[in-house]
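Since the structure comes first, as structure tokens, the remarks are kept for the end.
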Amino acid sequence: MNSLRILKKPAIIKLWLRRSLPVYLFVIVSFVTIKYGLTAYLKHKHPPIVKDDTVFGVRLPFAKRVYRERWLTAYDKWSPYFFLVATGIAGLWMFALLKSTSDVAHDLSMAALEKSDKAETSGDLSQAIYNLKVATSFSMDDALIDSMNQKIEKLKFSLSSRSSLLSKTLTGQDRTEPEKTVVKQATDSTDPIASRYKKIKKLGQGAMGIVWLAEDRVLERQVAIKELPIHIAEDAGFKERFLREAKLLARLTHPNIVQLYDIVEDRDVLHYTMEYVEGQSMDQIVKASKLPLDTVLDYAMQILKGMDYAHGMKIIHRDLKPMNIMIRKDNIVKIADFGLAKLVGSSSVTMAGTVMGSPLYMSPEQAMGEEADERSDIYSFSMILYELATGTPAFTGTPKDVITKQIQVMPERPSSRASIPDWLEAVILKGLSKNKEQRYQTISAMLADIKNHKLQV
Amino acid sequence: MRFGELSKRLLTAVIGVPILIFALITGGYVLLTLVAFVAVIGLWEFFHVMELRGYKPVKTAGYLSGLVIVFSAYFLQNYFLVLFVVLLFILFMGLFEKDNKAALSGTGGTIFGVFYIAGLLTFAIKLRNLGTFLMTQYRSLGPFLTTQHIDDRTGIYAIFFPIAVIFISDTGAYFIGKAYGKRRVAPAISPKKSWEGVGGGIAASLIAAFVIWMIAPDRFPLKQAVILSVLLSIAGLAGDLVESRIKRDAEVKDSGTIFPGHGGVMDRIDALLFGLPIAYIYFLMYFKFIFSR
């Protein structure tokens, strides 16, 4: 009866289901044999009755009397017993396999435990954790599982504490032995992300990398993780610049900005851990329906507040677009990926295979390859405001067309596409000036302008 | 000898399943007794859950109404008026309750329980009597103008089909979900259900339909059996979730302890409560279509 307990362990059930392959084959073969064999035998034993429906010797033209063939009645009667016997044999067989599977699982568990010990002594912590997990998944000994779980937690903690770049730099650990840790991280197969964060699902794939929803095992909260495939370990100068920038970003704390939690490097992939915002991105909302003016202004003000704060800290977004703006369920707007473009863009390594997203929100100076500043963000924001207010993007066409238009063409007047107040049109068009000197010079000026008009309305 | 949860479960099944099979095959008063028994126990558990939640069920009227519905399903061809009489009866008996605050929650809950448990369980009787019902309905046709064969065993087929399919689908869903389950179906209601398990359940129900078709090939065509089995598998999941939701409201895990290892009667029949009516409607529509051609 003890062997039934293994039906609660997923790994052992998997093993059992896999080992039961011959039983499935047996069931298929025996069922088909019974069905067709019995049918053939009974048809031979009870040949069908052929009878004409006649009334006084005249065959009825339409009515057709159908007799249930005798073999079918016999089949109805006997086939359940045959099938029952075959099922019983299969069931007993599965039960026997269940018993032997528990022995096999025990062996596997012990072997994994041994491997884990070996890996731990050789310093390969992630391998040790992996093998310990395997051992717990196959073990049936509760006391042993408890002790193994405790050990896993311990190993995980030591792994995650040596893998967090930010925390390490801030605590000064990195300065004492910089080379060693970097080399260690680059060479061994540790998996600091997997040990600290449990990936739950893919939230999306941007131009820069995959975004995951994950659970922080230590702090027990949900986070979003962005994977950026770049190297930072190779170039010492770049790493320094990168860390300076990352520290700046980590200081950005504002209700309208997605909070950066940590930056962790793992096997040439930078994991950018941030606050998880449950809601939709703005491009989904714009695509779904045209928003009422009140909502547009509400969102716009929130974005502006976030940007105002960041610009005050001398941080420029550089890649402001609806995909980067999250709207939480309670209508709080959060700007994501602040400063990420610079963080990643200044990397000396080119990112193979990545295509820049739509250049729809790129300012003329960025399109011409010049350096971006606060006013570039204002242009991008005006582009978003245009789309929010009219429900359609300002420019359409291939990315190449759009870039050309960004540099040369003024977009259509918003009022020709949707009914919007004159002052809003003026604000949008001022923000979209090709010459950055003619735009709003600061976010706070734009914010004040919108606030004034909103009050008058 | 120490019995684990699963062993208790197995033992209960070893004793309970033969009784169930005997009642289903025999039909008649034996099945009626079993259904009435299950309905009363189910109502008892349901009222218990209601009381845990702080509601005041109209108990006596509830039990009586449940029995009346079950018996009328057996003895009357058309019993839908009975349902309304029962409704009035429970509302009337509610007048004798002392606490007026329990009018909506208590009386409403009682009516819901009676219709949900006893009302839906009557379809077990209806399914078992489907063969004789069809025979009396279409006797006027004289010789059947179709190759579809109908006799009392049609009822046995009709009652076994949903029970077997839902049971096998549940089992498949349990093992596949346990082994491969990752994505949760309804984490807020029942955290143990995964989409992988649902897939496994549907696959198992398809296999069940195929095997049933092998055992009795001329009762019901394979195509219809496949469609119905998928419907039943989904209905079983929905039934499970509905009952979980009710239990979640009352913050209990199992609805009772009448069967060792199996939780309450309600935990066993929740999937069936959804499956039986769907199977009945499907069979009835199929046979009516066959005979009206």
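Computed quantities for the displayed model
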quantity	calculated
Cβ pairs under 6 Å, 6+ apart, first in segment B:206-217 and within 10 Å of another protein chain (Cβ to nearest Cβ) and β-branched (Val, Ile, Thr), second surrounded by fewer than 19 Cβ atoms within 10 Å (Cβ to Cβ) and in a helix (DSSP H, G or I)	B:215/A:80
Residues of segment A:247-259 satisfying the condition of being modelled with pLDDT of 85 or more and of a type in the set (A, V, I, L, M)	A:257, A:258
Flag if residue A:399 is modelled with pLDDT of 85 or more, over 22 Å from residue A:435 (Cβ atoms) and surrounded by fewer than 19 Cβ atoms within 10 Å (Cβ to Cβ)	no
Flag if residue B:132 is out of contact with any Pro (no Cβ under 9 Å at 6 or more places or on another chain), assigned to a helix (DSSP H, G or I) and of a type outside the set (A, V, I, L, M)	yes
Criterion: part of a loop (DSSP other than H, G, I, E, B) and crowded, with 18+ Cβ neighbours inside 10 Å - qualifying residue of B:161, B:220	B:220
Given (1) away from every other protein chain (no Cβ under 14 Å); (2) over 30 Å from residue B:251 (Cβ atoms); (3) among the aliphatic types (A, V, I, L, M), number of the condition residue B:69 does not satisfy	(2)
Condition check for residue B:49: touching a residue at least 60 places away in the same chain (Cβ under 8 Å), more than 24 Å from residue B:79 (Cβ to Cβ), away from chain A (no Cβ under 14 Å) and not in a loop (DSSP other than H, G, I, E, B)	yes
Pairs, first in the same structural domain as residue A:128 (by TED's automatic domain parsing) and at pLDDT 75 or above in segment A:142-169, second acidic (Asp, Glu) and in a helix (DSSP H, G or I), C-beta under 8 Å, six or more apart	A:155/A:120
Single unsatisfied condition, residue A:37 versus (1) crowded, with 18+ Cβ neighbours inside 10 Å; (2) more than 17 Å from residue B:218 (Cβ to Cβ); (3) at pLDDT 90 or above	(1)
Criterion violated by residue B:196 - all others in (1) free of Cβ contacts under 8 Å to residues at least 24 places away in the same chain; (2) among the acidic types (Asp, Glu); (3) not in a helix (DSSP H, G or I) satisfied	(3)
Total residues in segment A:396-421, condition assigned to a loop (DSSP other than H, G, I, E, B) and either touching a Leu at 6+ places or on another chain (Cβ under 6 Å) or among the polar types (S, T, N, Q) (or both)	3
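The values are calculated or read from the model by the stated rules, or taken from the named source; none is laboratory data. A quick note: this is a predicted structure, and the numbers were derived from the prediction, not measured. Please note: Cβ atoms are built from the backbone with ideal geometry, for glycine as well, and neighbour counts cover all protein chains shown.
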